[in-house]
Ligand code: TYD
Ligand code: MG
């Protein structure tokens with residue numbers, strides 16, 4: 001039975017026989033019949049791959065010179081940075097974000113930039129009328145750009161347009177409005193989204209068009225979100241920000257053409273998005289009026305060091321189960337730090353509500369933020385400010401020991417640049433050669449607790 005899928009094929013005429021023979025009955029050739037094992041024994045043809053063979057793919061060695069794809073600069077520096085140094089030719093980029101966060105604004109500014117820099121650029125909108133886009137362009141001051149507009153939602157018409165016009169860069173705003181006529185479900189459904197994006201991306205790869213797709217993040221409901229197509233594109237960018245804040249962060253979560261986790265920082269103004277070149281100054285806020293419960297974290301976002309202020313509030317709870325709320329950082333991470341403080345350092349927050357927030361609307365995901373979060377908590381708990389000249393970084397392990405953080409040099413350098421003269425960091429962190437800041441090294445979280453002093457009953 002194991003041989004069920006084996007077949008004997010004449011290499012001369014291609015005739016298939018169930019058993020081997022010295023002479024092919026079909027063409028009369030001698031010694032031309034060779035056994036060919038089928039590809040699959042899993043089931044009948046149509047249900048499995050069956051016995052039919054495909055074409056053999058060409059194999060090539062790993063070594064070899066490959067030119068990096070040419071990059072197009074949009075002139076919007078923070079966008080180029082998030083892309084990994086400009087838009088790679090022929091790449092597919094997904095730009096996701098909440099509705100109203102500024103995706104269309106960012107896209108229009110960047111597209112106008114590429115058009116101005118000489119690339120043939122087409123912006124296809126399925127959401128807004130041409131008049132609306134023109135009004136926005138006037139407000140953004142990019143009306144003079146040779147960018148071409150289309151308002152269209154039919155996938156077939158969009159592909160035909162791109163095929164005829166042969167742009168170097170094309171943007172589709174948004175993928176949820178696309179409608180592919182070969183798929184029988186409503187626009188915005190998972191099936192429509194997958195089919196439309198698959199067609200667009202394979203078209204763009206064949207024609208070397210750089211393709212930018214805008215997708216709305218959806219919380220619930222009938223509309224599929226951009227996550228279902230993340231695997232089909234080269235680069236995934238998310239545009240994030242708090243509604244009440246004017247700051248917006250463009251974060252690369254996947255990038256086949258550059259580092260992931262790179263961020264671009266923008267500010268939403270009356271005339272569109274303006275770049276923030278020095279994010280640390282922004283996230284640190286006003287350092288003059290400092291209250292207890294704040295600690296400065298020397299972080300790394302992508303390839304760039306960024307200093308942020310972490311704020312904590314520890315207050316007596318009136319609830320049976322005290323509240324733990326984290327804005328801009330991981331609540332599981334906060335729970336872990338609280339558990340280590342309790343188990344290893346004897347500091348208990350059992351009867352206290354705890355709130356932790358990251359200033360400026362940034363999201364901090366690095367484990368190296370642990371030490372700063374702990375410092376902010378202890379500072380609020382003891383009602384004692386952290387030193388004004390100090391910045392913190394370091395990861396807390398479950399044993400209470402501090403683990404060194406990667407790229408310590410870059411963190412220390414940025415902190416020095418912003419005038420911090422004291423760095424609290426894990427033991428064994430090396431000082432900068434020629435650096436001016438004093439390193440204050442800590443072995444365990446307990447060492448940090450001792451800096452704040454313990455109240456009676458917590459020794
Ligand atoms: P938009 O780009 O339309 O968001 P999205 O495409 O992500 O849904 O931006 C919407 C918001 O941005 C809108 O509430 C108004 C604000 N905005 C400004 O504050 N300044 C501007 O210059 C522009 C164009 C928009
Ligand atoms: Mg929009």
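The values are calculated or read from the model by the stated rules, or taken from the named source; none is laboratory data. Just so it is clear, the structure is predicted and the values come from calculations on it, not from any experiment. Cβ placement follows ideal geometry from the backbone for every residue including glycine, while neighbour counts extend to all protein chains displayed.
Observations on the structure shown:
- Candidates 215, 188, 264: the one that is closer than 19 Å to residue 363 by Cα and either modelled with pLDDT of 90 or more or within 16 Å of ligand 2 (Cβ to nearest atom) (or both) is 264.
- Where residue 75 falls short, out of the listed (1) in contact with a helix residue (DSSP H, G or I) (Cβ under 6 Å, 6 or more places away or on another chain); (2) outside any loop (DSSP other than H, G, I, E, B); (3) surrounded by fewer than 23 Cβ atoms within 10 Å (Cβ to Cβ): (2)
- Of all residues making up segment 22-36, the number that are under 27 Å from residue 49 (Cβ atoms) and either modelled with pLDDT under 85 or assigned to a loop (DSSP other than H, G, I, E, B) (or both): 6
- Residue list for segment 131-142, filter: more than 14 Å from ligand 2 (Cβ to nearest atom) and surrounded by fewer than 16 Cβ atoms within 10 Å (Cβ to Cβ): 131, 134, 138, 139, 141
- Segment 164-191 - residue that is touching a strand residue (DSSP E or B) at 6+ places or on another chain (Cβ under 7 Å) and in a helix (DSSP H, G or I) and, of those, nearest to residue 147 (Cα to Cα): 165
- Inter-residue pairs, beta-carbon under 9 Å, first in contact (Cβ under 8 Å) with a residue 40 or more places away in the chain and in segment 92-106, second within 9 Å of ligand 2 (Cβ to nearest atom) and part of a loop (DSSP other than H, G, I, E, B), 6+ apart: 103/174; 104/127; 104/128; 104/174
- Residues in segment 300-353 that are in a loop (DSSP other than H, G, I, E, B) and touching a strand residue (DSSP E or B) at 6+ places or on another chain (Cβ under 6 Å): 5 in all.
- Here 228, 236, 201, 197 are screened, and the one residue that is in a helix (DSSP H, G or I), away from ligand 2 (no atom under 16 Å from the Cβ) and buried (at least 22 other Cβ atoms within 10 Å of the Cβ) is 197.
- Residue tally, condition within 24 Å of residue 320 (Cβ to Cβ) and either outside any helix (DSSP H, G or I) or out of contact with any helix residue (DSSP H, G or I) (no Cβ under 8 Å at 6 or more places or on another chain) (or both), over segment 358-380: 1
- Verdict on residue 95 being assigned to a helix (DSSP H, G or I), at pLDDT 95 or above, within 16 Å of ligand 1 (Cβ to nearest atom) and buried (at least 23 other Cβ atoms within 10 Å of the Cβ): no
- Here residue 100 passes the criteria (1) at pLDDT 95 or above; (2) out of contact with any helix residue (DSSP H, G or I) (no Cβ under 8 Å at 6 or more places or on another chain) except the one numbered (1).
- Enumeration of residues in segment 113-130 that are within 12 Å of ligand 1 (Cβ to nearest atom) and crowded, with 22+ Cβ neighbours inside 10 Å: 125
- Among the conditions (1) farther than 19 Å from residue 206 by Cα; (2) out of contact with any helix residue (DSSP H, G or I) (no Cβ under 6 Å at 6 or more places or on another chain); (3) assigned to a strand (DSSP E or B), residue 133 misses just one, which is (3).
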